[in-house]
Amino acid sequence: MNNILETPLVGNTRRNHALEHATIHILSERFPRRAMAGHSNPSGFFLLGDLPTEQVREAVTEALARLQNGESHLAIHEGCGTNYVVTGGLAALFAFVGMSGTRSNRERAERIPMVMLLSILAFIFGQALGPALQKNITTQPDPGRMALVDVYPVANNVHRVVTSN
């Protein structure tokens, strides 16, 4: 049986996710303090931000070339949703565990300091676990045979990047 991470649906999404991150890294250097976000899928990604289309196209082309040349660090981004989901999920889990077994409001109130400590620990663990999950699960920095097909605006401040794998 194939590794689920390398099935076409998941594998292509992971490669596009890496390209999305690499593109945002490059655009962030060119447009400091400009808000950007992305959403990847098997056929490419959407890039949100007030950016000129030609600059997006150039950044995607450069990002793909740099990933092809082994710059795998570009696939990891501190603003990735993976980091937020992992950290938030851990905080919720740790808080749930901290409150488990309480029956009264008084017991819950007495546990608030412990739950706060557990939540802080969850954030600390999440800061390490999120990038590790990006590196090993949610992105694939080796683009393989990926090629850029097109970059075009689809709405105000939204670009569509289409790839082939």
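Computed over the chain, the per-residue total of -39500 (n - 2.57) for DSSP H runs of n ≥ 4 gives a 222 nm mean residue ellipticity of -18500 deg cm²/dmol, rounded to 500. Phi-derived couplings, Karplus 6.51 cos²θ - 1.76 cosθ + 1.60 at θ = phi - 60°, listed residue by residue for the range 69-75: 8, x, 7, 5, 4, 5, 6 Hz, with x used for Gly and Pro. In plain terms, the chain from Asn165 to Ser43 could stretch by 43.1 nm, reckoned as 0.36 nm per residue minus the Cα-Cα distance. The range 38-65 and the range 89-131 have their alpha-carbon centroids 38 Å apart. Counted as membrane-span-like here are DSSP H helices of the chain whose alpha-carbon atoms extend 30 Å or more along the helix's own axis and whose Kyte-Doolittle mean is 0.0 or above; these are 105-133.
Highest average first, the peptides 81-88, 133-140 ordered by how many other beta carbon atoms sit within 10 Å of their residues are 133-140, 81-88.
Here the gap between Tyr152 and Asp50, fully extended at 0.36 nm per residue and compared with their Cα-Cα distance, gives a gain of 35.4 nm.
The GluC sites (Glu not before Pro) of the range 1-99 that DSSP puts in a loop, and whose beta carbon has at most 11 other beta carbons within 10 Å, are Glu78. When Arg106, Arg66 are sorted by how many other C-beta atoms sit within 10 angstrom of their C-beta, beginning with the fewest, the order is Arg106, Arg66.
Bear in mind these aren't lab numbers, they're just calculated from the coordinates by the rules spelled out. What you see is a predicted model, and the numbers here were worked out from it, not measured in a lab. Every residue, glycine as well, gets a Cβ built from its backbone with ideal geometry; the counts of neighbours run over all protein chains shown.
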